[in-house]
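Visitor: Take this structure, written in structure tokens, and hold onto it; I'll ask about it next.
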């Protein structure tokens, strides 16, 4: 034991910095335009970074000390930028970190998922979403946070290389469900996740995707969490998965060697109740790093 912890401790924030050789990169993507429900998802990257000093680098349950360095690549400038115009800046920012084991993209709304997947190469990537919604709204009125998966299908991504986990009842349409099934998307409902365990379902889908693709991008639309535990997204509904299940799944995903990109979307700090939102997002970040460290 060295040093005093009387006034502070080693936190997850101490892992972040200008680390060119770090295995993990962090990028902020504060995209907010064309959100179907108005909000302030653009505040997400700042809120996530601000909470990290409050989180210890030590996991009491597994007795693991996080030592994964994270290169903070800053934020992509997206103020008043549409999803269509954000495509190239986000894609290029993620592609610039492709030599790392994992790139963590913090949104911002769900429209950032499409360029993040493209950054890994559409011909070789699989996409896993943890989301209450299909995000298969039509694109005939342009790109929004409600249609990144439809846009990826339009781009040519084979639907069999998409897994959607945590989909909620009375939050989607029959048409979206039928579109998913016709495209060959693997659909796993919120009830299946509760009955079988979210981490177990995620592990099954990662195994399935691994047989079809070289790399995997995972979209964590945080509104998949039950609204009683996660009020900081307009799309969160009662009956979603638990925050603990979300954390457990994040560690499984972080540990998978084919997962090269993850994003956290639809966190709106303006809807905070206490510090619940930022602390939940911060814990998710810790779990992702714990997974990477276990690779």
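Throughout, read-outs are computed from the coordinates displayed, never taken from laboratory work. All values derive from a computational prediction rather than experimental measurement. Quick reminder, even Gly has a Cβ in these numbers, built from the backbone with ideal geometry, and neighbours come from all protein chains shown.
Visitor: Would you check which residues across segment 97-113 are within 12 Å of the chain's Cα centre (by Cα) and not in a strand (DSSP E or B) and list them?
Guide: 108, 109, 110, 111, 112, 113
Visitor: Can you name the residue in segment 53-68 that is in contact with a strand residue (DSSP E or B) (Cβ under 7 Å, 6 or more places away or on another chain) and farther than 21 Å from residue 275 by Cα and is also surrounded by the most Cβ atoms within 10 Å (Cβ to Cβ) among such residues?
Guide: Going through the qualifying residues, I end up with 68.
A quick yes/no check of all residues on (1) in contact with a strand residue (DSSP E or B) (Cβ under 8 Å, 6 or more places away or on another chain); (2) surrounded by 24 or more Cβ atoms within 10 Å (Cβ to Cβ); (3) more than 23 Å from residue 268 (Cβ to Cβ); (4) free of Cβ contacts under 8 Å to residues at least 12 places away in the same chain:
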{"residue": "138", "(1), (2), (3), (4)": "no, no, yes, no"}
{"residue": "141", "(1), (2), (3), (4)": "no, no, no, yes"}
{"residue": "146", "(1), (2), (3), (4)": "no, no, no, no"}
{"residue": "150", "(1), (2), (3), (4)": "no, no, no, no"}
{"residue": "155", "(1), (2), (3), (4)": "no, no, yes, no"}
{"residue": "158", "(1), (2), (3), (4)": "no, no, yes, no"}
{"residue": "166", "(1), (2), (3), (4)": "yes, yes, no, no"}
{"residue": "171", "(1), (2), (3), (4)": "no, no, no, no"}
{"residue": "174", "(1), (2), (3), (4)": "no, no, yes, yes"}
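Visitor: What residue, of 35, 56, is touching a residue at least 40 places away in the same chain (Cβ under 8 Å) and over 26 Å from residue 91 (Cα atoms)?
Guide: Values: 35 fails: over 26 Å from residue 91 (Cα atoms).
Answer to the check: 56.
Visitor: Something else about it: Return only the number of the condition from (1) crowded, with 20+ Cβ neighbours inside 10 Å; (2) under 29 Å from residue 294 (Cβ atoms); (3) touching a strand residue (DSSP E or B) at 6+ places or on another chain (Cβ under 9 Å) that residue 180 does not satisfy.
Guide: Status for residue 180: all satisfied but (2).
Visitor: Please determine whether any residue of segment 227-237 is part of a helix (DSSP H, G or I) and touching a residue at least 12 places away in the same chain (Cβ under 8 Å).
Guide: no
Visitor: Out of the residues in segment 70-93 that are in a loop (DSSP other than H, G, I, E, B) and in contact with a strand residue (DSSP E or B) (Cβ under 7 Å, 6 or more places away or on another chain), which is nearest to residue 26 (Cα to Cα)?
Guide: Among those residues, the one meeting the criterion is 76.
Visitor: For segment 214-235, does any single residue satisfy the condition of being under 22 Å from residue 161 (Cβ atoms) and surrounded by fewer than 16 Cβ atoms within 10 Å (Cβ to Cβ)?
Guide: Yes: one or more hits.
Visitor: So if I check each of 249, 243, which one is in contact with a strand residue (DSSP E or B) (Cβ under 7 Å, 6 or more places away or on another chain) and free of Cβ contacts under 8 Å to residues at least 60 places away in the same chain?
Guide: After applying the criteria, what remains is 243.
Visitor: When you look at residue 22, is it in a loop (DSSP other than H, G, I, E, B) and over 30 Å from residue 141 (Cβ atoms), yes or no?
Guide: Against the criterion (in a loop (DSSP other than H, G, I, E, B) and over 30 Å from residue 141 (Cβ atoms)), residue 22 qualifies.
Visitor: Now for a different question. Quick one: count up the residues across segment 74-86 that are touching a residue at least 40 places away in the same chain (Cβ under 8 Å) and surrounded by fewer than 21 Cβ atoms within 10 Å (Cβ to Cβ). Outline the logic, then answer.
Guide: Residues of segment 74-86 touching a residue at least 40 places away in the same chain (Cβ under 8 Å): 74-76, 78-84, 86.
Adding the requirement that they be surrounded by fewer than 21 Cβ atoms within 10 Å (Cβ to Cβ) leaves 74-75, 79-82, 84.
Result for segment 74-86: 7.
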